[in-house]
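Down below is the structure, laid out as structure tokens.
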Amino acid sequence: MQTLVTILVFAPIIAAAIAGLFGRRIGNVASQSVTTGALILACALSWYTFSQWTWGHMEAFTVQLLPFIHVGDFQANWSIRIDALSATMLIVVTTVSALVHIYSWGYMAEDDSKPRFFAYLSLFTFAMLSLVTAADFMQLFFGWEGVGLASYLLIGFWYKKPSASSAAIKAFVVNRVGDFGFALGIMTTFWAFGTIQFAEIFPQIAAHAGKTWQFAGHTFPLMDIACFLLFIGAMGKSAQFFLHTWLPDAMEGPTPVSALIHAATMVTAGVYMLCLLSPMFEYAPVAKNIVTVIGAVTALFAATVGLTQNDIKRVIAYSTCSQLGYMFFAAGVGAYQAAMFHLFTHAFFKALLFLGAGSVIHGMHHEQDMRKYGALAKLLPVTFIAMTIGTIAITGLGIPPLELGFAGFYSKDTIIEAAFAAGQHNPIGMFAWVIGVLVAGLTSFYSWRLAFFTFNGHARWGHYDHHAHGHDDHASHAQIETHDEPLPDDHHDDHGHGHDHKPHESPWVMLFPLVVLSIGAIAAGFVFVDYFVGHEQGEFWRGAIFNAPTNHVLHEAHGVAEWVKYSPLVATIIGLIAAWYVYILKEGLGAKLAARQGPLYVFFYNKWFFDELYQATFVRLAKFLGDLFWKGGDQKLIDGLGPDGVSAVSYEVGKRTGKLQTGYLYHYAFVMLLGVAGLLTFALYAFR
């Protein structure tokens, strides 16, 4: 088994090296084949490992591969840790990655840099696998930074496009802010426990629970400080409120990248870390409350912004941000199992929605503006069915009395019920429950808005001239309207459509992953609900997640009142009816409401003005300080007094001295005479 998991982790990096270093020599097909084959192998081994854990009663184990960093008491080894958490993440990462590799054969067919693209995908997958199998903080940090690097490369894959390069830099910089807090959290943990090995830290936590830290004349609970700093890293990686601004811009990358990074893998790393560190967070009540509040606010923020966006990928991106908020406040109230369950189910239906959106964009000749869609259900039947399944799954439609529904019904409802149960003891939990129910309605509205806009109503794609070029994500985003109505003929852009370009279904190499993910979006909930949060949870998790003796929130969640269980369903149905009324029954009403430019609409459409706020404060301040230290400190002070100053003085001295070299003999004779006179004067004065 140890050999199998070693092959599982390292197969993607070997394939990435082959495609990246030798792609031009071996060609496109060979590069795609070796990377895709490696991921299919890793996926098969991941499912085998997960099945052995779930049904074969395999025990947790750690494979020590080689020393990583050994400096004094700081001991870090390269290891592979297998338990319930890592086994779950293995199938999430490799399944989505393998399907994205297959999907990209069709989606990237016209790209001239396929080896580089597939190498980046496999590199990202290896970094993510390193992260989720880490046995200590050092390897966790290595994988953490590795996925950050790979996401930078993938978001900026079309680097000749300025918006893609800017989005990649933005993602990298915002994540560095979070990673700084993450690094400080690791340092604090090492300072407190003297080790970074999870197996050595967790048994000591109860003994350290009451310890404090003196800093700047104040006393802070040690565990709260460590957990809060670690959570800052999770905020950046998982695009939580305040550090969320990079996620929507990351849609500049190719659509398969959006599905891989921003649906199922990288953005869930923060949730995974919180659940992995549950032994620490259980003894950090203040940090847990902060996690709950940030998660709930993120869910609400992203849902409100998603109501008004017109780019199909951006709507799904904000949906991701909102669903991550659910996962975080689930962990914050102590329902770590529910957070992991939603992470698991979310991977299927969100990857399905992203790849479905890519299929729509491909069929619409690289058009991403939903206002230029409509009536596509009959022209893209497989994509329509798949995205409808994904929409039902994310909105959580189901039948509570029968406990029957698609994937999101089980995981999201469990989170909302857990928040209500926690609210009986902590008002923060009740706050999360109220937000959770409200966001369920908003999620239903914007999800069905996307579905109705795309597949129903009147065809709006026949009225535009076609000047499509390149990829969907090469298309210009310069033109962003502030209303939902179809654009007039003189407002077409580079990705418009003509009468001779009828929408078409995608090739089967792109549809096959949609079919597989549709099965997951339908079945992942009711098949695994008992293992993650039901009767089998104790046996399934087997110590991978820790709940303090006072934490009974998941047990209490199953016993909440019936009206609590029905509340998310009622909100979801209200959202569905509202979307049907606005975009189907009264088609055009949405355009009229948007055209009024009401203050709430403008506020939501402009993403609560966070980009403008950060631009006016942090970005301008950073640029000012950069110019000050560069032009004032470096150029004028250091270089001016240092090398530039010395060279300038030397130049001036040489220039003035050079004027003495006239070339006339009598000048030199006169100087020599002055020299002799000077020496004689010195001699007479010295020896008198």
| request: Would you check which residues across the range 398-423 are surrounded by fewer than 18 Cβ atoms within 10 Å (Cβ to Cβ) and in a loop (DSSP other than H, G, I, E, B) and list them? | output: 403
| task | Output the number of residues of the range 146-162 satisfying the condition of being modelled with pLDDT of 90 or more and hydroxyl-bearing (Ser, Thr, Tyr). | result | 2
| request: Within the range 355-372, identify whether any single residue is in contact with a helix residue (DSSP H, G or I) (Cβ under 8 Å, 6 or more places away or on another chain) and either of a type in the set (Phe, Trp, Tyr) or without any contact (Cβ under 8 Å) to a residue 12 or more places away in the chain (or both), and answer yes or no. | output: no
| request: For residue 36, state whether it is open to solvent by less than 80 Å² (accessible area, probe 1.4 Å), under 27 Å from residue 516 (Cα atoms) and at pLDDT 90 or above. | output: yes
| request: Could you please find all residues in the range 72-95 being in contact with a helix residue (DSSP H, G or I) (Cβ under 6 Å, 6 or more places away or on another chain) and either charged (D, E, K, R) or open to solvent by 10 Å² or more (accessible area, probe 1.4 Å) (or both)? | output: 95
| message | Looking at the structure I just gave you, is residue 578 touching a Ser or Thr at 6+ places or on another chain (Cβ under 6 Å) and either in a helix (DSSP H, G or I) or of a type outside the set (Lys, Arg) (or both)? | response | no
| request: Please work out if residue 543 is buried (at least 16 other Cβ atoms within 10 Å of the Cβ) and either of a type outside the set (Lys, Arg) or over 16 Å from residue 398 (Cβ atoms) (or both). | output: no
| field | Failed item, numbered, when residue 126 is tested on (1) more than 17 Å from the chain's Cα centre (by Cα); (2) in contact (Cβ under 8 Å) with a residue 12 or more places away in the chain | value | (1)
| How about the range 598-656: which helices (runs of 4 or more DSSP H) wholly inside it have at least 1 residues that are open to solvent by less than 100 Å² (accessible area, probe 1.4 Å) and acidic (Asp, Glu)? | 610-614, 620-627
| So which residues in the range 594-616 are free of Cβ contacts under 8 Å to residues at least 40 places away in the same chain and of a type in the set (A, V, I, L, M)? | 600, 613, 616
| message | Between a residue in the range 531-560 that is assigned to a loop (DSSP other than H, G, I, E, B) and any residue that is of a type in the set (Phe, Trp, Tyr), which pairs come within a Cβ distance under 6 Å, given they are 6 or more apart or on different chains? | response | 533/341; 545/336; 560/420
| query | With respect to residue 591, is the statement that it is in a helix (DSSP H, G or I), among the small types (Gly, Ala, Ser) and either closer than 30 Å to residue 412 by Cβ or open to solvent by 40 Å² or more (accessible area, probe 1.4 Å) (or both) true? | reply | no
| query | Any idea which of 190, 141 is touching a residue at least 60 places away in the same chain (Cβ under 8 Å), touching a Phe, Trp or Tyr at 6+ places or on another chain (Cβ under 9 Å), surrounded by fewer than 24 Cβ atoms within 10 Å (Cβ to Cβ) and assigned to a helix (DSSP H, G or I)? | reply | 190
| query | Taking the range 195-214 as the search range and keeping residues that are outside any helix (DSSP H, G or I) and open to solvent by less than 40 Å² (accessible area, probe 1.4 Å), which one is farthest from residue 140 (Cα to Cα)? | reply | 209
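The values are calculated or read from the model by the stated rules, or taken from the named source; none is laboratory data. Computed from a predicted structure; not experimentally measured. Counting neighbours? That spans all protein chains shown, and the Cβs are built from the backbone with ideal geometry, glycine included. What goes into the accessible areas is simple: the full protein's heavy atoms, side chains included, and nothing from ligands, DNA or RNA. Shrake-Rupley method; radii C 1.70, N 1.55, O 1.52, S 1.80 Å.
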